[in-house]
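J.: Shown below is the structure under consideration.
The values are calculated or read from the model by the stated rules, or taken from the named source; none is laboratory data. Quick caveat, the model's predicted, so the values are computed rather than measured. Neighbour counts run over all protein chains shown; Cβ positions are idealised from the backbone, glycine included.
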Amino acid sequence: MNKIKSLADLKKLQAEVQSKIKLREKGDNPEHLIQIKVSMSTCGIASGAKETMTFLIEELDHQGIDSVITQVGCMGYCYAEPTIELTIPGQKPVVYGYVNKTKAQEIIEKHIKLNVMVDGIIPITFSSIDN
Amino acid sequence: MKDLSLHILDIVQNSIRAKAKLIEIEIDERSAENKLIITISDNGSGMSEDQLERAIDPFYTSRTTRKVGLGLSLFKQNAETTAGSFKLESELGKGTKVTAVFGLKHLDRPVMGDLVGTLILLICSSGGIDYVFKHKTSSGEFEFDIRDIKQTLENVPINHPDVRLFLKELLQENLEHIQITE
């Protein structure tokens, strides 16, 4: 059975990356980073959530935008998949629906980089009985 | 789901929700027997006998956000449509194993799809979960254990862009080498 092709190659890469890597603990302090949760439920996957998440990971890396992107379960908006929840540090989370690559690009360029919300937000539709 | 890699991604979500720490994905292509066997097993919380009986029912789910759970039933349906079979095993507190057998050459068998992309997404975005991936064909076998990778990387994060690219190329090369099915 073929095991990993070359751990030696990976070790070389590890040494190269190690010297460049920032010491910030990304996972331990996510509240200081842009957080994106991608709904990866059956309806989400069938609607293209995998492509959306892959695009977000690659594009945010490419643009050098520090962020934590995770997959989560169903958020309940099956009619609007793919959906993402975007949290900018210091702000309330916002859920976007119908997030394909084009919409994801728009969210990055406007909401994340310029703090300007774009169309497609799924609003909170419930209210407390005390109101 | 339009391809098998998306089914794998979907079923693995169940393992993640069950708080699995180790998820094993095995694909076995048996051309001589005309079978494609996909097995996904985990060491998550498992299911009780009652839950196990009802898990395939699309109108049964442990989620609270909606009333349907389609993943397992769609996977089962697709397998059986190709003259295959489906088996779900689970033990509470120990884990769950899903085995789907597809007719390898059946006209209705979904294509494999972007298997590499799916594996990279799972490996690089699921925190402390370890994956073991095995793929067997008539041309060879390939095994990928994320624990070996993490050990080699030491404190370099597995979702670092350069590591992600390396892993993508590693998977692509090895899967091409064993000539996995479309």
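J.: B:T61 fails exactly one of the following numbered conditions: (1) over 17 Å from the mean Cα position of the chain (by Cα); (2) surrounded by fewer than 18 Cβ atoms within 10 Å (Cβ to Cβ); (3) β-branched (V, I, T). What is the number of that condition?
T.: In the conditions (1) over 17 Å from the mean Cα position of the chain (by Cα); (2) surrounded by fewer than 18 Cβ atoms within 10 Å (Cβ to Cβ); (3) β-branched (V, I, T), B:T61 misses (2) alone.
J.: Continuing with this model, one more query. Going through region A:66-84 one residue at a time, which ones are surrounded by 14 or more Cβ atoms within 10 Å (Cβ to Cβ) and within 12 Å of A:I112 (Cα to Cα)? Reasoning before the result, please.
T.: Our first condition is that a residue be surrounded by 14 or more Cβ atoms within 10 Å (Cβ to Cβ); within region A:66-84, this holds for A:67-78, A:80-84.
A:S67 - this is the single residue of region A:66-84 that is surrounded by 14 or more Cβ atoms within 10 Å (Cβ to Cβ) and within 12 Å of A:I112 (Cα to Cα).
J.: Okay, next question. Could you grab the pairs with beta carbons closer than 7 Å, sequence gap of 6+ or different chains, first residue in region B:170-182 and in contact (Cβ under 8 Å) with a residue 60 or more places away in the chain, second one part of a helix (DSSP H, G or I)?
T.: From region B:170-182, the pairs are B:L175/B:L115; B:L175/B:V116.
J.: Let me ask something else about it. Hey, B:A18 hits all of (1) at pLDDT 90 or above; (2) crowded, with 19+ Cβ neighbours inside 10 Å; (3) more than 10 Å from chain A (Cβ to nearest Cβ) but one; which does it fall short on?
T.: For B:A18, the exception is condition (2).
J.: Criterion first (of a type outside the set (G, A, S) and either modelled with pLDDT of 95 or more or farther than 26 Å from B:K168 by Cβ (or both)) does A:M75 satisfy it?
T.: Working: of a type outside the set (G, A, S): yes; either modelled with pLDDT of 95 or more or farther than 26 Å from B:K168 by Cβ (or both): yes.
In short, yes.
J.: Find the residue count for region B:1-58, including only residues that are over 16 Å from B:T181 (Cα atoms), among the hydrophobic types (A, V, I, L, M, F, W, C) and assigned to a helix (DSSP H, G or I).
T.: Residues flagged as over 16 Å from B:T181 (Cα atoms), among the hydrophobic types (A, V, I, L, M, F, W, C) and assigned to a helix (DSSP H, G or I) within region B:1-58 amount to 5.
J.: Further, regarding this structure: Within region B:149-166, can you find the residues that are more than 8 Å from chain A (Cβ to nearest Cβ), touching a residue at least 12 places away in the same chain (Cβ under 8 Å) and of a type in the set (A, V, I, L, M, F, W, C)?
T.: B:I158
J.: Looking at A:L7 and the list (1) over 29 Å from B:K136 (Cβ atoms); (2) surrounded by 13 or more Cβ atoms within 10 Å (Cβ to Cβ); (3) at pLDDT below 85; (4) out of contact with any strand residue (DSSP E or B) (no Cβ under 6 Å at 6 or more places or on another chain), which single condition is not satisfied?
T.: (1)
J.: Would you say B:S62 is farther than 29 Å from A:Y77 by Cβ and polar (S, T, N, Q)?
T.: Working: farther than 29 Å from A:Y77 by Cβ: no; polar (S, T, N, Q): yes.
Criteria not met by B:S62.
J.: All but one of (1) more than 7 Å from chain A (Cβ to nearest Cβ); (2) of a type outside the set (S, T, Y); (3) touching an Asp or Glu at 6+ places or on another chain (Cβ under 6 Å) hold for B:K94; state the number of the condition that does not hold.
T.: So the condition that B:K94 fails would be (3).
J.: In region B:170-182, which residues are assigned to a helix (DSSP H, G or I), in contact with a helix residue (DSSP H, G or I) (Cβ under 9 Å, 6 or more places away or on another chain) and either more than 9 Å from chain A (Cβ to nearest Cβ) or at positive phi (or both)? Give the derivation first.
T.: So the first thing to find is which residues in region B:170-182 are assigned to a helix (DSSP H, G or I), and the list is B:170-177.
Now restrict to residues that are in contact with a helix residue (DSSP H, G or I) (Cβ under 9 Å, 6 or more places away or on another chain): B:170-172, B:175.
Hits for region B:170-182 are B:L171, B:Q172, B:L175.
J.: From B:G69, B:G44, grab the single residue that is of a type in the set (G, A, S), within 10 Å of chain A (Cβ to nearest Cβ) and either out of contact with any Ser or Thr (no Cβ under 7 Å at 6 or more places or on another chain) or surrounded by 15 or more Cβ atoms within 10 Å (Cβ to Cβ) (or both).
T.: Details: B:G44 fails: within 10 Å of chain A (Cβ to nearest Cβ).
Every option except B:G69 fails the conditions.
J.: Further question on the same structure: State all residues of region B:108-148 that are more than 10 Å from chain A (Cβ to nearest Cβ) and hydroxyl-bearing (S, T, Y); if no residue qualifies, say none.
T.: B:Y131, B:T137, B:S138, B:S139
J.: Among the residues in region B:72-94, are any surrounded by 16 or more Cβ atoms within 10 Å (Cβ to Cβ) and out of contact with any strand residue (DSSP E or B) (no Cβ under 8 Å at 6 or more places or on another chain)? Break it down into steps so the answer makes sense when it comes.
T.: Quick first cut of region B:72-94, residues surrounded by 16 or more Cβ atoms within 10 Å (Cβ to Cβ) only: B:72-76, B:78-79, B:82, B:84, B:86, B:88, B:90.
With the extra rule that they be out of contact with any strand residue (DSSP E or B) (no Cβ under 8 Å at 6 or more places or on another chain), the set shrinks to B:73-74.
Taking every residue of region B:72-94 in turn, at least one turns out to be surrounded by 16 or more Cβ atoms within 10 Å (Cβ to Cβ) and out of contact with any strand residue (DSSP E or B) (no Cβ under 8 Å at 6 or more places or on another chain).
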